[in-house]
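These notes are about the structure you will find just below.
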Amino acid sequence: MTTQRQALGRRGEQLAIEVLRRRGMTILARNWRCRNGELDAVGLDGEQLVVIEVKARSSRRFGSAAEAVSDDKVRHLHELGWRFRREHDLPVEHIRVDVIAVDFLEDTPLIRYFRAVGS
């Protein structure tokens, strides 16, 4: 059974993927998992591997979606990105972490895209 929170997260991820594709990014994986964690999405932006963290919120009770990604989380996402690169034998030298924050506070979702978070 899907919870409201899971449904909100899936909706946020789908909107984020649409934004990335419109910007020309090639999506390599969604919801990639390994024993150390999960990546919401992984893409290629030119020659750069991009790890995308999607945060969706329906209220400000716990802060905005963008505020939900700590420096520790960004470091962990970089580590998972390198693992993804090794497991898929990708010839890339740089990994970037982007965050897409989706706030469902009004009728129209507010989508904010933060490139190269923590760089």
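So here's what we get for this one:
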item: Yes/no for ARG86 being among the charged types (D, E, K, R), at pLDDT 95 or above and not in a strand (DSSP E or B); result: yes
item: Scope the range 1-16; condition of a type in the set (S, T, N, Q) and surrounded by 10 or more Cβ atoms within 10 Å (Cβ to Cβ); matching residues; result: GLN6, GLN14
item: The range 1-26, residues that are charged (D, E, K, R), over 15 Å from ASP98 (Cα atoms) and touching a residue at least 40 places away in the same chain (Cβ under 8 Å); result: ARG11
item: Out of VAL99, VAL19, sole residue that is assigned to a helix (DSSP H, G or I) and either among the β-branched types (Val, Ile, Thr) or exposed (fewer than 14 other Cβ atoms within 10 Å of the Cβ) (or both); result: VAL19
item: From LEU49, LEU77, residue being assigned to a helix (DSSP H, G or I) and under 18 Å from TYR113 (Cα atoms); result: LEU77
item: Subset of the range 45-73 that is at pLDDT below 70 and surrounded by fewer than 19 Cβ atoms within 10 Å (Cβ to Cβ) - its residue that is nearest to ALA16 (Cα to Cα); result: ALA66
item: Failed item in (1) in contact with a strand residue (DSSP E or B) (Cβ under 9 Å, 6 or more places away or on another chain); (2) outside any loop (DSSP other than H, G, I, E, B); (3) farther than 20 Å from LEU15 by Cα, with GLU67 passing the rest; result: (3)
item: Some residue of the range 23-43 being within 13 Å of LEU77 (Cβ to Cβ), assigned to a loop (DSSP other than H, G, I, E, B) and not charged (D, E, K, R); result: yes
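The values are calculated or read from the model by the stated rules, or taken from the named source; none is laboratory data. Small disclaimer: the values here were computed from a predicted structure and weren't measured. A quick note on method: Cβ atoms are made from the backbone with ideal geometry, for glycine too, and the neighbour counts reach across all protein chains shown.
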